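Trainee: Please find one structure pasted underneath; my questions will follow.
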Amino acid sequence: MTATDVLVGGLNGLSEYLSLHVITCLVPAMFIAGAISAFASQAAILKYLGPVAKKPVSYAVGSVSGSVLAVCSCTVLPLFGGIYKRGAGLGPAIAFLFSGPAINVLAIVYTANILGFQLGVARAVGAIAFAVTIGLIMAFIFRKEEAQKLKTLAVAQPDQAQEGKKAWQYGLFFGALLGILITAASRYWIPFAILCVILGVTLWRWFTRNEVRDWMKETLFFLKRIIPWLLIGVFIAGILGVVIPPTAMATYMGGNSVLSNFIASIGGALMYIATLTEVPIIKTFMDLGMGNGPALALLLAGPSLSIPCMLALRGIMGIKKTLVYVGLVVAAATITGLIYGYITQ
């Protein structure tokens, strides 16, 4: 393998990502994140997702709201950044971050159909437990920083929800944005065009020029904070895809040892896997000899982490929190895969 092959691998990964994900997935997600930061009621976010909200409520809302989106780890990042910046507690926000790519209904059903009902159920149960457990651990570890953040928000960012607009008008606005994200990612262009028209009408009728300017300002903030690191990460992931042959990965992830589950978790954490594509990838690995435990470990770690995701998270919540989150996901995936492998032997 030459240096040219490695470079071409990185460029191919970058080209594929730009053509398949940036326009149809990431850009709409950026606009939603900007809208959350500019218009979402801080009081409502603090009530349902804030550090002082009741844990059963905040973690349920974080997990469920993330699970309805069929998005990859990169697309969910700006949405996570939007609610976290607006006042969501670290734990519930992390539950949302993990649940988006890992627990969405399409991924679970697809897993059960292709890899078997047993593995589909194991993925659903493991992912839900992951989202809540990792969120709780993150909130506990960084509880002092989160308490300080809450005080800062209360002083520096009073609720910016605009007066004069009704709840259903905001609901239609955010609903149109979410619909645009879903239809663009699914390539349903006629519903996409209709939703764009609805969005344009809501902006024309109910939002002032200053409000739209604030929205664009917040969207630009997320674009500058996330996009550069994502592109660097995708380039690196493309190189790894060339350097590490799939057959070699399947070989090292055979059986059900601690090492094989750990390698599967690390491999999933490093690779960029678009949502739903993890299923055929793992099907191929299992045909080449991957064990049940490592398959589940890869299913849990792969969709929720990637090098682009890690680099972008660094810009949202800092290096320390990012490293702890990555470590928790890898450790939890390894342990869960090991347990599942023993049960299904």
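Trainee: Would you tell me the accessible area of R143, worked out with a 1.4 angstrom probe on the heavy atoms of the protein chains, in Å² to the nearest 10?
Mentor: Around 120 Å² of this residue is reachable by solvent.
Trainee: Once phi is turned into θ = phi - 60°, what whole-Hz ³J(HN,Hα) does the Karplus curve with 6.51, -1.76 and 1.60 give for every residue of segment 300-311, x standing for Gly and Pro?
Mentor: 7, 7, x, x, 8, 10, 5, 4, x, 4, 4, 5
Trainee: Would you please state the base-10 log of I(q)/I(0) at q = 0.13, 0.15, 0.21, 0.22 1/Å for segment 281-338, with intensities from the Debye formula using one equal scatterer on every alpha carbon?
Mentor: Results for segment 281-338 at q = 0.13, 0.15, 0.21, 0.22 Å⁻¹ read -0.39, -0.49, -0.78, -0.82.
Trainee: Provide the gained length on full extension for the span F117 to K320, in nm with one decimal, where the gain is 0.36 nm per separating residue minus the Cα-Cα distance. Could you put the intermediate results ahead of the total?
Mentor: Values: separation 203, 0.36 × 203 = 73.08 nm, distance 3.75 nm.
Once the chain is fully extended between F117 and K320, it gains 69.3 nm.
Trainee: Ranked from the most accessible area to the least, with a 1.4 Å probe and all protein chains present, what is the order of E145, E16?
Mentor: Numbers: E145 80, E16 110 Å².
Solvent-accessible surface, decreasing: E16, E145.
Trainee: Okay, next question. At 4 °C and a viscosity of 1.567 mPa s, what translational diffusion coefficient does Stokes-Einstein give for segment 84-146, taking Rh as the Kirkwood radius over Cα pairs? Give it in µm²/s as a whole number.
Mentor: The estimated diffusion coefficient comes to 104 µm²/s.
Trainee: For K320, go through the aspartates and glutamates and keep the ones whose alpha-carbon is under 14 Å away, minus same-chain ones fewer than eight residues off.
Mentor: Those aspartates and glutamates meeting the cut-off are E145, E146.
Trainee: Calculate the spin-label point distance for T152 paired with T251, positioning each point 7 Å from the Cα along the beta-carbon direction, and give it in nanometres.
Mentor: Modelled inter-label distance: 4.9 nm.
Trainee: Residues with amide H under 5 Å of G254's amide H, sequence separation 5 or more or different chain, H placed in the peptide plane at 1.01 Å from N; which?
Mentor: G291
Trainee: On a full-extension model of 0.36 nm per residue, what is the gain between R143 and Q169, subtracting their alpha-carbon distance, rounded to one decimal in nm?
Mentor: Values: separation 26, 0.36 × 26 = 9.36 nm, distance 3.58 nm.
Using 0.36 nm per residue and subtracting the Cα-Cα distance, I get 5.8 nm.
Trainee: How do 120-131, 279-290 rank on mean C-beta neighbours within 10 Å, highest first?
Mentor: On the way: 120-131: 20.8, 279-290: 17.6.
Averaged packing, sorted descending, gives the order 120-131, 279-290.
Trainee: Run the 1.4 Å probe and let me know the accessible area of Y272, rounded to the nearest 10 Å².
Mentor: Using a 1.4 Å probe on the heavy atoms, I get roughly 50 Å².
Trainee: Keeping all protein chains in place, calculate the accessible area per residue for segment 200-240 (probe 1.4 angstrom), answer in Å². Write down the numbers at each step before the final one.
Mentor: Numbers: 2490 Å² over 41 residues.
Roughly 61 Å² per residue, with all protein chains present.
Trainee: Cα-Cα over 22 Å: which of K144/K321; K47/K151; K55/K85; K283/K321; K54/K151?
Mentor: Violating the 22 Å Cα-Cα cut-off are K283/K321.
The values are calculated or read from the model by the stated rules, or taken from the named source; none is laboratory data. What you see is a predicted model, and the numbers here were worked out from it, not measured in a lab. FYI the Cβ positions are ideal-geometry reconstructions off the backbone, even for glycines, and counts take in every protein chain you see. Protein only, heavy atoms only, side chains kept; ligands, DNA and RNA dropped before computing areas. Shrake-Rupley method; radii C 1.70, N 1.55, O 1.52, S 1.80 Å.
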